[in-house]
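Contents: one structure, followed by commentary.
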Amino acid sequence: MRAWFRTEGRESVRAHLQRIIADLAPNLTPLSISTAACVVSCTESGYPMIGYTSSPAIAVLTGCAGTSAKSSDEIGRLGAELLLSGRISQQGYSTHFTPQFR
């Protein structure tokens, strides 16, 4: 995984996405094009993990399973609340988001 993060991702994916943009906006002339590698992390619960590790100085916000684009603002807000107040207040969610490490 470390080696993957040092790459710019797959060239074939970059070319494919570039073709889609060119089809959607044919008059667009990009100043530059860049890509980066990413991975999808999943949790056993299917919910993101938002909380502190065993260190009170290190928090995590991970495990969004590649499906959090529509909820990224709220997930980020919950992470910010954790960092600012030390916890996520009861918000009516069906899960508590506490990280589970093995």
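The values are calculated or read from the model by the stated rules, or taken from the named source; none is laboratory data. Being a predicted model, the structure only gives us computed values, none of them experimental. Counting neighbours? That spans all protein chains shown, and the Cβs are built from the backbone with ideal geometry, glycine included. Remember, those area values only see protein heavy atoms, side chains included, never the ligands or the DNA or RNA. Shrake-Rupley method; radii C 1.70, N 1.55, O 1.52, S 1.80 Å.
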- Note on the structure: For the chain, the percent of accessible surface on carbon and sulfur atoms (probe 1.4 angstrom, ligands and nucleic acids excluded) is 57 percent
- Note on the structure: With the convex hull built on the alpha-carbon atoms of the range 1-74, volume per residue in Å³ sits at 168 Å³
- Probe 1.4 Å - accessible area at L61, Å² to nearest ten: 80 Å²
- Item | Accessible area per residue, Å², the chain with all protein chains present, probe 1.4 Å | 80 Å²
- Please identify every one of the trypsin sites (Lys or Arg not before Pro) in the range 21-100 that sits in a loop by DSSP and has no more than 15 other beta carbons within 10 Å of its own beta carbon. K70, R87
- Kirkwood radius from Cα pairs of the range 44-102 plugged into Stokes-Einstein at 10 °C, 1.306 mPa s, gives D in µm²/s equal to 134 µm²/s
- Message: With an 8 Å Cα cut-off and a minimum separation of 6 or more residues, compute the relative contact order for the range 1-53 in percent.
- Response: 48 percent
- Quote the relative contact order of the chain in percent (integer), defining contacts as alpha-carbon pairs under 8 Å separated by 6+ residues. 24 percent
- Extended-chain gain in nm, criterion 0.36 nm per residue less alpha-carbon gap, R19 and T62: 12.4 nm
- Pull out the extension gain between R77 and R2, defined as 0.36 nm times the separation in residues minus the alpha carbon to alpha carbon distance; nm, one decimal. 24.2 nm
- Ignoring ligands and nucleic acids, S72 exposes an accessible area, probe 1.4 Å, in Å² to the nearest 10, of 60 Å²
- Keeping all protein chains in position, work out how much accessible area E8 exposes to a 1.4 Å probe, and write it in Å² to the nearest 10. 130 Å²
